[in-house]
Every structure is written in structure tokens, then in C-alpha cells.
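Novice: Okay, handing you the structure first.
The values are calculated or read from the model by the stated rules, or taken from the named source; none is laboratory data. Quick caveat, the model's predicted, so the values are computed rather than measured. Neighbour counts run over all protein chains shown; Cβ positions are idealised from the backbone, glycine included. Side chains are part of the model used for accessible areas, which takes the heavy atoms of the whole protein and leaves out ligands, DNA and RNA. Shrake-Rupley method; radii C 1.70, N 1.55, O 1.52, S 1.80 Å.
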Amino acid sequence: MSAPGLAWLASNPIAYPALEVLHIVGIALLLGSLVLLELRVWGAAPELPLRPLARLALTVTIGGFALVAASGLLMFATQPAELLGNRALQLKLALVLAAGLNAVAFHARGSLERGDGLARAQTVLSTGLWLGAIVCGRWIAYL
């Protein structure tokens, strides 16, 4: 049973697929901007100033995450009863939470300025967590 007023979203031949497209665009913005910054932390393109790149990447990442969250919540609202017990969705949400906590830890310890081994490990962890969340997201429909 979908949330009141959202039944049309699940049944509309254009609305739900458009929502899925917005979700994918948000994922592309989020992960794409993170990977560029993470590559810079690893030493790629040293001619690019790290601070301005980080500010731009953070803005794009937050925008991408907002798009992913909004579209994801709308998709969830079309069938919450079925999705609450979905193991892939549960794992996806746990991975997103872990990715967020990793980002908070990265910035709290000043990893951007340090550029040390732990900072690089955090970037690898970040990419892995987000890729895991994407994989789980694809599996939601199949579990």
C-alpha cells in the first residue's frame, strides 16, 4: 500500500521511470564528484588546487545526495510496506549511513589537509561504500 496521494506515481507510465532517472542523475553527481576529489587526494592532477576543488566537489556531492534522497524517498513511499523488509534496501541504507559517517570523520580529522595514508584509506572506503550502496540499490527490485 503506497502513501496517500502517491498511488499515481507508482502507476504512471512516465512519472516513476522519470523519478528513477533523477535518482541515477543524483548518483552520478554524488559519486562522480567524490571520485574526482578522491583521485586528487591520491595525487592525481597536482596542478589543481585542492581547496577550491574540494569546495566544488562538496557542493556537487551535496546536491547529488539531495537529489538521491528526495527521489529515493518518493520511490520508497510508493510501496513502503513491501520495501521495509527488503534486505537489499536495509543494507543499502546501512552503507549510506557508513559512507556519511566516513565523510564526517574525513573532514573532522582534517584528512584533506593531511593527505596521509589514513586519508587515502578513507577515500577508498568512501568509494567502496558508495559502490556497495549502488549495487544494493539495483538488487532492491530482485529481492
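Novice: Got at least one residue in segment 97-109 being within 20 Å of the chain's Cα centre (by Cα), in contact (Cβ under 8 Å) with a residue 24 or more places away in the chain and closer than 30 Å to residue 16 by Cβ?
Specialist: yes
Novice: Residues in segment 40-93 that are modelled with pLDDT under 95 and of a type in the set (Asp, Glu): how many?
Specialist: Count: 1.
Novice: For residues that are of a type in the set (A, V, I, L, M), open to solvent by 50 Å² or more (accessible area, probe 1.4 Å) and farther than 22 Å from residue 52 by Cα, tally how many sit in segment 122-143. Let's see the steps before the verdict.
Specialist: Taking segment 122-143 and keeping what is of a type in the set (A, V, I, L, M), we get 124-125, 129, 131, 133-135, 140-141, 143.
This time we only want the ones that are open to solvent by 50 Å² or more (accessible area, probe 1.4 Å), so: 124-125, 131, 134-135, 141, 143.
Next, only the ones that are farther than 22 Å from residue 52 by Cα stay: 125, 131, 134-135, 141, 143.
Qualifying residue count for the region: 6.
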